[in-house]
Amino acid sequence: NMKRGKKTDDTSADGENDAGSASAKKAKKSKEPEAPVLYVDTPDKMTSKDGRSANMKITSWNVDGLRAWVKKKGLDWVREEAPDVLCLQETKCSEKALPVEITSMPEYPHKYWAASNDKEGYSGVAMLCKTEPLKVTYGIGKEEHDKEGRVITAEFPNFYLVTAYVPNASRGLVRLDYRKTWDTDFRAYLSELDIQKPLVLCGDLNVAHQEIDLKNPKGNKKNAGFTPEEREGFSQLLEAGFVDSFRELYPDRANAYTFWTYMMNSRSKNVGWRLDYFLLSSSLLPGLCDSKIRNKAMGSDHCPITLHIAV
């Protein structure tokens, strides 16, 4: 899977952190190139606005290859975090090739996998649950979208949980037109579900919504993940009645990212993007307790995110 705009990432990441010409001008005023501004994950809030205690904990993680992630001890972190439901994206693994370490996990007796039909080692999502959902479905009911293993939906008594790995517009934006079709069809799918029961959507939505959601907005306006079309697609999701839980709670919090390219020491410099989200139907908002970015958890080029909700 092509990671977004490596070329511009390099130059913009550089300009941000190294003594390039821009910082040379600044150097007269200040001394060193600025130290990276790291994000601090504050203590979890376990009570909702309307005073209820969180009773559901959901974690989402783009693992960038499940087999490698298991080898990098990703499951140790999961056991420590101990969510009720674990959603994974970019598993890049057929069901028959899943590592025994995860298929045999007693903590999650109910496990659901969706893999790409045609391309081995591409895309793929999973959902692991402590309690059995009422019903689980795969895809969004459209042939053109459902062969890449991108969506699993679980129905629980009070809500639907949807996990998604949204198609990347790719280097050179070669898949941007496809992505626009996806955005429209996926929004319609979610709106249909939302009529029946409120929903939580989690996963790698492959877009940084606003300038605050990536380190380098200026250098990335023509790159996958920050094009006007993708940002507009996300805005339309919000207009359809869904809420970005993290921004709802932390409207001005900067330097909060969930993805860093492997190049350029981006993660240690915190030159990143917020691409992973929990969106909620607005009727679930009163029960929102916290939406966390677990930026210290290693094992992928994304970090996990966790939702606490009273539902």
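The values are calculated or read from the model by the stated rules, or taken from the named source; none is laboratory data. For clarity, every value in this text was computed on a predicted model and none was experimentally measured. All Cβ positions, even for glycine, are placed from backbone atoms using ideal geometry, and neighbour counts span all protein chains on display. We work out accessible area using only protein heavy atoms, side chains counted, and drop any ligands, DNA or RNA first. Shrake-Rupley method; radii C 1.70, N 1.55, O 1.52, S 1.80 Å.
Subtracting the Cα-Cα distance of E239 and R175 from their residue separation scaled by 0.36 nm leaves 20.6 nm. The Cα center of the range 208-278 and the Cα center of the range 82-103 differ in position by 25 Å.
For the residue pairs K49/K180; K57/K135; K92/K135; K57/K111; K49/K269; K147/K296, the C-alpha atoms sit more than 26 angstrom apart in K49/K180; K49/K269; K147/K296.
Relative contact order for the chain: 24 percent, from Cα pairs under 8 Å spaced at least 6 residues apart, divided by residue count.
Per-atom-type breakdown for the chain gives carbon and sulfur 54% of the accessible area (1.4 Å probe, protein chains only). For the range 121-195, the per residue solvent-accessible surface stands at 40 Å², with DNA, RNA and ligands left out and a 1.4 Å probe. Given R₀ = 22 Å, what would the calculated FRET efficiency be for D252 paired with S282, taking r from the Cβ atoms and rounding to 0.05? Between D252 and S282 the formula returns 0.55.
Available extension along the chain between E120 and D41 is 24.9 nm, counting 0.36 nm per residue and deducting the alpha carbon span. Simple spin-label estimate for K71 and R294 gives 2.2 nm between the two label positions (7 Å along the Cα-to-Cβ direction from each Cα).
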